[in-house]
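What follows is a single structure, written as structure tokens, with notes after it.
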Amino acid sequence: MATPMENGERGVEKPVTRGEGGRSSRSFEGRGERGEGRGDREGRGRGGGSGSGRRRVCRFCTERGAKIDYKDAGSLRYFLSERGKIVPRRISGNCAFHQRRVASAIKRARMLALLPYTVVHG
């Protein structure tokens, strides 16, 4: 007896017994003409792709004259969000080395009351 796949038919339901396959008692042979199975995602890269596509570079690595100083609250405010949180690396563009330095400088400036811990809403 010829199976539906040998006859050239696609997307036809073929009953599968409990021991042969996955969780259900039925599965679909042939996923259509375009191959809508899980293997069609190979060409895509990671992520959603909604970003600009350009990697940000560390400001402190490119500009050798730029220093991280806890006393310079104006330059450290660039690395704080509106609510007073430290901006993460993926947003600020810092490398790991300089992000650690910026975070410790912000924490020192907070202890000396040069920068706020939180923003007060009133």
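Read the figures in this text as sums done on the coordinates, not as results from a lab. Computed from a predicted model, the values in this text were never measured in an experiment. Cβ atoms come from the backbone with ideal geometry, glycine included; neighbour counts cover every protein chain shown.
Does segment 57-107 come out rounded, prolate or oblate, given a ≥ b ≥ c as the square roots of the eigenvalues of its C-alpha gyration tensor, rounded meaning a/c under 1.5 and, failing that, prolate meaning a/b above b/c? Judged from the Cα gyration tensor, segment 57-107 comes out oblate (a/c at least 1.5, b/c at or above a/b).
Electrostatic tally near Val119: other residues with Cβ closer than 13 Å to its Cβ, Lys and Arg +1, Asp and Glu -1, net +3.
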